[in-house]
1. Across segment 1-15, what is the number of residues that are assigned to a loop (DSSP other than H, G, I, E, B) and among the small types (Gly, Ala, Ser)?
2. Determine which single condition Glu123 fails, assuming it passes every other condition in (1) surrounded by 15 or more Cβ atoms within 10 Å (Cβ to Cβ); (2) of a type in the set (Asp, Glu); (3) closer than 19 Å to Ala36 by Cβ.
3. Within segment 1-34, track down each residue that is open to solvent by 20 Å² or more (accessible area, probe 1.4 Å), over 13 Å from Ala153 (Cβ atoms) and modelled with pLDDT of 95 or more.
4. Quick check on this structure: which one of Leu86, Leu137, Leu71, Leu146 is hydrophobic (A, V, I, L, M, F, W, C) and open to solvent by 80 Å² or more (accessible area, probe 1.4 Å)?
5. Give Phe108, Phe141 a once-over and let me know the one that is in contact with an Asp or Glu (Cβ under 9 Å, 6 or more places away or on another chain), farther than 25 Å from Val35 by Cα and at pLDDT 95 or above.
6. Which pairs do you get when a residue that is within 18 Å of Asn65 (Cβ to Cβ), found in segment 23-43, comes within reach of a residue that is open to solvent by 60 Å² or more (accessible area, probe 1.4 Å) and assigned to a loop (DSSP other than H, G, I, E, B), reach meaning Cβ atoms under 8 angstrom, with the pair 6+ apart or on two chains?
7. Within segment 35-68, track down each residue that is open to solvent by 70 Å² or more (accessible area, probe 1.4 Å) and charged (D, E, K, R).
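The values are calculated or read from the model by the stated rules, or taken from the named source; none is laboratory data. Values in this document were obtained by computation on a predicted structure and should not be read as measured data. Methodologically, a virtual Cβ is constructed for each residue, glycine included, from the backbone with ideal geometry; neighbour enumeration extends over all protein chains shown. To get the accessible areas, we keep the full protein, side chains included, count just its heavy atoms, and leave off ligands, DNA and RNA. Shrake-Rupley method; radii C 1.70, N 1.55, O 1.52, S 1.80 Å.
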Amino acid sequence: MRHTISVLVENKFGVLTRIAGLFSGRGYNIDTLNVAPTQDPNTSRMTIVTRGDDAALEQIVKQLNKLVDVLRVQDFRDGEYVDRELVLVKVSVDSMSRAEVMQVTDIFRAKIVDVQPKSLTIEVTGDEGKVEKFIELMSTFGIADLTRTGKVAMPRK
């Protein structure tokens, strides 16, 4: 089962290493990890997506709460949060496929951020389902390169 965890941490040297070490030390993989400052320059928010059963996740949350620089840990349940991901995808195009790629991009409300003679770089944001579907459709044209931010999430309340 996939879990999305939000961790508010102090902006201090080594915090990311300690948190990643906690996961690896217990044999858990981090599917995605996003870290960025909050409105307070002294804190950052980490959004971690991992897999495991509820008992394992409960242990991870308890261990995270014990770390000195961790201020708050939230395990998001479905429907309790809003999430987004940003993807940049470079798609190979020729004169025949360029218009079709642009049309699909428009349907997904994505943006073309770079135009080259043989490729288009497209920015798409949305939830995981939207992003996955967009990537699937672009793969038919030929994906030359792709990068993803990983999930960012905030509670609804």
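1. Here is the first cut: in segment 1-15, the ones assigned to a loop (DSSP other than H, G, I, E, B) are 1, 11-14.
Subsequent filtering for residues that are among the small types (Gly, Ala, Ser) retains 14.
The number of residues fulfilling the criteria is 1.
2. (1)
3. Selection gives Glu10 alone.
4. On the way: Leu86 fails: open to solvent by 80 Å² or more (accessible area, probe 1.4 Å); Leu137 fails: open to solvent by 80 Å² or more (accessible area, probe 1.4 Å); Leu146 fails: open to solvent by 80 Å² or more (accessible area, probe 1.4 Å).
The unique qualifying residue is Leu71.
5. On the way: Phe108 fails: in contact with an Asp or Glu (Cβ under 9 Å, 6 or more places away or on another chain).
Exactly one residue qualifies, and that residue is Phe141.
6. Correct list of pairs: Phe23/Asn29; Thr43/Asn11.
7. Arg51, Asp53, Asp54, Glu58, Lys62, Lys66
Every residue, every condition in (1) within 30 Å of Leu137 (Cβ to Cβ); (2) in contact with a Lys or Arg (Cβ under 6 Å, 6 or more places away or on another chain); (3) assigned to a helix (DSSP H, G or I), yes or no:
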| site | (1), (2), (3) |
| --- | --- |
| Thr17 | no, no, yes |
| Ala20 | no, no, yes |
| Ser44 | no, no, no |
| Asn65 | no, no, yes |
| Gly79 | yes, no, no |
